[in-house]
Amino acid sequence: VEEMWEQHSVGSHADYRVFMSAEPAPSPEAHIIRQGLLENAIKITNEPPTGMYANLHKALDLFTQDTLEMCSKEIEFKRILFALCYFHAVVAERRKFGTQGWNRPYPFNNGDLTISINILYNYLEANPKVPWDDLRYLFGEIMYGGHITDDWDRRLCRTYLSEYIRAEMLEGEVYLAPGFLIPPSLDYKGYHEYIDDNLPPESPYLYGLHPNAEIGFLTVTSDRLFRTVLEMQPKESDAGRGSDKSSSMVYSFQVKSVLDEIMERLPEPFNMVEITAKAVDKTPYVVVAFQECERMNILTHEIRRSLKELDLGLKGELTITSDMEELANALFYDNVPESWTRYAYPSLLSLGAWYADLLLRIRELEVWTTDFVLPATVWLAGFFNPQSFLTAIMQSMARKNGWPLDKMCLSVEVTKKNREDVTAPPREGSYVHGLFMEGARWDIPSGVIADARLKELTPMMPVIFIRAIPVDRMDTKNVYECPVYKTRMRGPTYVWTFNLKTKEKAAKWILAAVALLLQI
């Protein structure tokens, strides 16, 4: 092939091209492509489309005019097919918003859409009326839902389908996005032209998200880019070159200064014998305090041990191991070392901010364990395990009122107070502070969830009053079941579900991925 290529490269027609496919061949020998061919070739890859406009056209391209005409219920079939194409484009492109799009990434593909259309055709042909509930279940729980492993993502998928695929769409009264009405019955070319003429410009609104979601996603991307550039800077010495020697000295000096600063501010471990002796009554809250102190001791012990070891290594008294080298690199780049995160709590902070946060957590525990009186308002984010504190609220109220623990739940009431306004703890339950809302904001005067303000990515919540009540007393009207996460990473950092009041439909906040975060 290479020889033929060379012969025909001179004197051939100007438009003559050789196409070589990377598609798997029947025999292994056919997979061997010579290096010369690869070097001279122009490489073309078929990447997935980006943006709603390209994704929607690509989804429609999977079908033909014949597909649109194959069903006896033509109007219903066409409307639902277009809505499914839009749904497919949304779930595929929503990934770009990171964890605010989906808690976990999922491999949605064209096969999901084509099989869903086959199911749609079979069900419409077999039933005199459109089985809306059956179709939504099949698409949302099996075809697309089969990929989904996170319960909150499953809820999101169900909500999209309940908004897009419903009986009202036959009257043409369903908006797939603000300003984008579901099209009337058109032919194949007409649908493509309808998208060109009517689809609003690319924005998070097309996915039900707030524009802040794009700001957050672009900020994370740029942070990652700058961090990668930083990590590419030379830091190791290369004998024989003076500039590299000086850069190595700067590296060692910076690591040593960070190490000394951390060691200097690191408090002594909690004396568990003294703390245990102080606590006369082992209430659920006291048990939580014990557990938190023990876990904090394990973390601070590892910090102290690893830093002392690295200090000896930098002085030349110990051989530098791979673990010590990783620790030094982390200190240099302002990252939290992996050996520490193993014993710590989930966090996305840089080392400086993380260590300041750690000292605040220790201070909070010191105050609490002085006399074991519950603080006026508890910093929920300050716990290794916030669930244990929320469970302790339920346990203490269950004991006090003689209620069965398995038939209780938490009642959440957002107050109008800031942390400074709270001077004493409530008689039952607890005040908590330090939570942030992502995707929306809390409107204090009206006491409901409201649209976020532009560029306010994570507004702070007022103090929240949490108490336990029997499940049958829980108010479920006009509430949004809001997940609480430890960090923006969401997914595995899930803590609890807080029912927050809303005047608008809960579906709006589900599509906007509204959540409470303990740390930003």
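The values are calculated or read from the model by the stated rules, or taken from the named source; none is laboratory data. What you see is a predicted model, and the numbers here were worked out from it, not measured in a lab. Neighbour counts run over all protein chains shown; Cβ positions are idealised from the backbone, glycine included. The protein model used for the area step is the full one, side chains on, heavy atoms only, and it has no ligands, DNA or RNA in it. Shrake-Rupley method; radii C 1.70, N 1.55, O 1.52, S 1.80 Å.
In vacuo Debye scattering of region 305-404, one point per C-alpha: log10 I(q)/I(0) at q = 0.12, 0.15, 0.23 Å⁻¹? Treating every Cα as an identical point scatterer, log10 I(q)/I(0) equals -0.58, -0.77, -1.20. Label sites at ALA167 and ASN198, each approximated as a point 7 angstrom past Cα along Cα to Cβ, lie 2.3 nm apart.
Straight-line cross-link reach from LYS256 at under 18 Å between alpha-carbon atoms covers these lysines, not counting any fewer than eight positions away in the same chain: LYS235, LYS245, LYS308, LYS315.
As a size descriptor, the averaged projected area of the C-alpha convex hull of region 260-300 was calculated at 3.2 nm². Summing Cβ point charges (Lys, Arg +1; Asp, Glu -1) relative to the Cα centre of the chain gives a dipole of roughly 1940 debye.
Projecting label points 7 angstrom from Cα along Cα→Cβ for ASP451 and ILE115 puts them 3.9 nm apart. For the set VAL91, VAL229, VAL412, the ranking by accessible area, highest first and with no ligand, DNA or RNA atoms included, is VAL229, VAL412, VAL91 under a 1.4 Å probe. As a test question: what accessible area, to the nearest 10 Å², does GLU261 have when a 1.4 Å probe is rolled over all protein chains in place? Per-residue accessible area (GLU261): approximately 100 Å².
In terms of the mean number of neighbouring beta-carbon atoms within 10 Å, the peptides 155-164, 77-86 order highest first as 77-86, 155-164.
Ratio to report: Rg/Rh of region 1-40, with Cα atoms as the point set and Rh obtained by the Kirkwood method; give two decimals. Write down the numbers at each step before the final one.
Details: Rg = 12.0 Å, Rh = 11.8 Å.
My calculation puts Rg/Rh at 1.02.
Direction-averaged projected area, Cα convex hull, region 442-520: 6.0 nm², rounded to one decimal.
Computed from the alpha carbon positions, the gyration tensor of region 370-449 leads to an equivalent ellipsoid with semi-axes of 23, 17, 14 Å, biggest first. For a quick check of understanding: with a 1.4 angstrom probe and all protein chains in place, what accessible area in square angstrom does ILE32 have, to the nearest ten? ILE32 exposes around 130 Å² with every protein chain in place. Each label was represented as a point 7 Å from its Cα along the Cα-to-Cβ direction; for ASP223 and SER72 these points are 5.8 nm apart.
Translational D (Stokes-Einstein, µm²/s) of region 246-373 at 10 °C and 1.306 mPa s when Rh comes from the Kirkwood sum over C-alpha pairs?
So the translational diffusion coefficient is about 99 µm²/s.
Relative to its Kirkwood radius, the Cα radius of gyration of the chain gives an Rg/Rh of 1.06.
Among the listed pairs LYS455/LYS508; LYS282/LYS486; LYS477/LYS508; LYS96/LYS508, those with a Cα-Cα distance over 18 Å are LYS455/LYS508; LYS282/LYS486; LYS96/LYS508. In a fully extended conformation the segment linking THR50 and LYS96 would gain 15.6 nm over its present Cα-Cα distance, using 0.36 nm per residue.
All C-alpha pair distances within region 389-520, sorted into 10 Å bins from zero, spread as 12, 41, 36, 10, 1 percent across the bins.
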